[in-house]
Amino acid sequence: MGGAAAPCVPAPANGCLIDNNLAANGTPAGSGKSGYSFAATPGGAAATGFNFYTTATPLANTTGTKAYCAADDGVVRTQAAGTITLVASYNACLGLNPMNN
């Protein structure tokens, strides 16, 4: 979604759709951003249809009080307050309640 270069140059492997810092999950890569760890996970198969889900999980209970996810339906969902564990799968994400506006 992002790219390795700064500024990002669109290519087949990276669309430069989001900030590189978010795409790499922080600077240095994998260290998180704004107190959360971010991930995008592809899934599915050609026969059943491809899917994906994204997650945002607090790095600690001092940086966030809930974990979030969104699936390919575009709905942001949240775990109950105080639950800061990673949403483990596509189906687990779909089973959570949508975030209130």
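Only a single item in (1) touching a strand residue (DSSP E or B) at 6+ places or on another chain (Cβ under 8 Å); (2) modelled with pLDDT of 85 or more; (3) assigned to a loop (DSSP other than H, G, I, E, B) is not met by THR41, and it is number (3).
Please go through the stretch 58-100 and pick out each residue that is of a type outside the set (A, V, I, L, M, F, W, C) and either over 15 Å from TYR36 (Cα atoms) or touching a residue at least 60 places away in the same chain (Cβ under 8 Å) (or both). Those that are of a type outside the set (A, V, I, L, M, F, W, C) and either over 15 Å from TYR36 (Cα atoms) or touching a residue at least 60 places away in the same chain (Cβ under 8 Å) (or both): ASP72, ASP73, GLY74, ARG77, SER89, TYR90, ASN91, GLY95, ASN97, PRO98, ASN100. Within the stretch 1-38, being small (Gly, Ala, Ser), modelled with pLDDT under 90 and in a strand (DSSP E or B) holds for one residue alone: ALA11. Need the failing condition index for CYS69 against (1) surrounded by 11 or more Cβ atoms within 10 Å (Cβ to Cβ); (2) out of contact with any Leu (no Cβ under 9 Å at 6 or more places or on another chain); (3) farther than 29 Å from PRO7 by Cβ, just the number. Of everything listed in (1) surrounded by 11 or more Cβ atoms within 10 Å (Cβ to Cβ); (2) out of contact with any Leu (no Cβ under 9 Å at 6 or more places or on another chain); (3) farther than 29 Å from PRO7 by Cβ, CYS69 misses just condition (2).
Within the stretch 53-66, the only residue that satisfies the criterion of being loosely packed, with under 14 Cβ neighbours inside 10 Å and not polar (S, T, N, Q) is ALA60.
The values are calculated or read from the model by the stated rules, or taken from the named source; none is laboratory data. In this text, all values refer to a predicted model and were calculated from it rather than measured experimentally. So basically every Cβ, Gly included, is an ideal-geometry build from the backbone, and we count neighbours across all protein chains shown.
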